[in-house]
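Written out below as structure tokens is the structure these notes cover.
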Amino acid sequence: MVSYPIHIRRDTYRGRDPHKQQKALDHNRNVAELERKINEMLQAQTEPIKVYMWAEIARATGFSYDFVAEVGYTIDGGSGGFTATAPGGITDLTAAVKNL
């Protein structure tokens with residue numbers, strides 16, 4: 001389970017190949033935008049616990065499902081998405097689980 005803010009791993013290429021450098025730069029720019037959009041979704045979350053699926057995130061952000069699933073895996077290691085707690089934490093976990 002994750003909580004706001006989430007972070008997505010970046011491409012750490014540091015070689016001299018200009019093509020690979022540009023590819024890493026473009027990739028990291030898209031990752032930063034996806035991370036920003038997911039964090040906005042988490043900030044707007046009203047449920048104590050919510051499951052976010054890659055397909056749902058792809059539709060909401062405009063990124064392809066394949067891209068979201070590939071880079072999103074680093075958020076929580078989920079193959080289909082991740083589970084997040086509401087910003088500010090959960091005061092009563094038992095009540096939150098009962099409401100699922």
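The values are calculated or read from the model by the stated rules, or taken from the named source; none is laboratory data. For clarity, every value in this text was computed on a predicted model and none was experimentally measured. Methodologically, a virtual Cβ is constructed for each residue, glycine included, from the backbone with ideal geometry; neighbour enumeration extends over all protein chains shown.
I need a count of the residues in segment 56-91 that are part of a helix (DSSP H, G or I) and either acidic (Asp, Glu) or loosely packed, with under 13 Cβ neighbours inside 10 Å (or both).
5
Tell me which of these Gln43 doesn't satisfy, since it passes every other one: (1) buried (at least 16 other Cβ atoms within 10 Å of the Cβ); (2) closer than 24 Å to Ala86 by Cβ; (3) not basic (Lys, Arg).
Against the list (1) buried (at least 16 other Cβ atoms within 10 Å of the Cβ); (2) closer than 24 Å to Ala86 by Cβ; (3) not basic (Lys, Arg), Gln43 comes up short only on (1).
Would you point out the residue of segment 36-55, among those that are over 24 Å from Asp26 (Cβ atoms) and not in a loop (DSSP other than H, G, I, E, B), that is farthest from the chain's Cα centre (by Cα)?
Per the stated criteria, the residue is Ile49.
Taking only segment 29-48 into account, find how many residues are of a type in the set (Val, Ile, Thr) and at pLDDT 95 or above.
2
Which of the numbered conditions does Gln22 fail, given that it passes all the others? Conditions: (1) surrounded by fewer than 17 Cβ atoms within 10 Å (Cβ to Cβ); (2) touching a residue at least 60 places away in the same chain (Cβ under 8 Å).
Against the list (1) surrounded by fewer than 17 Cβ atoms within 10 Å (Cβ to Cβ); (2) touching a residue at least 60 places away in the same chain (Cβ under 8 Å), Gln22 comes up short only on (2).
Is there a residue in segment 1-17 that is among the aliphatic types (A, V, I, L, M), modelled with pLDDT under 95, in contact with a Phe, Trp or Tyr (Cβ under 9 Å, 6 or more places away or on another chain) and surrounded by fewer than 16 Cβ atoms within 10 Å (Cβ to Cβ)?
yes
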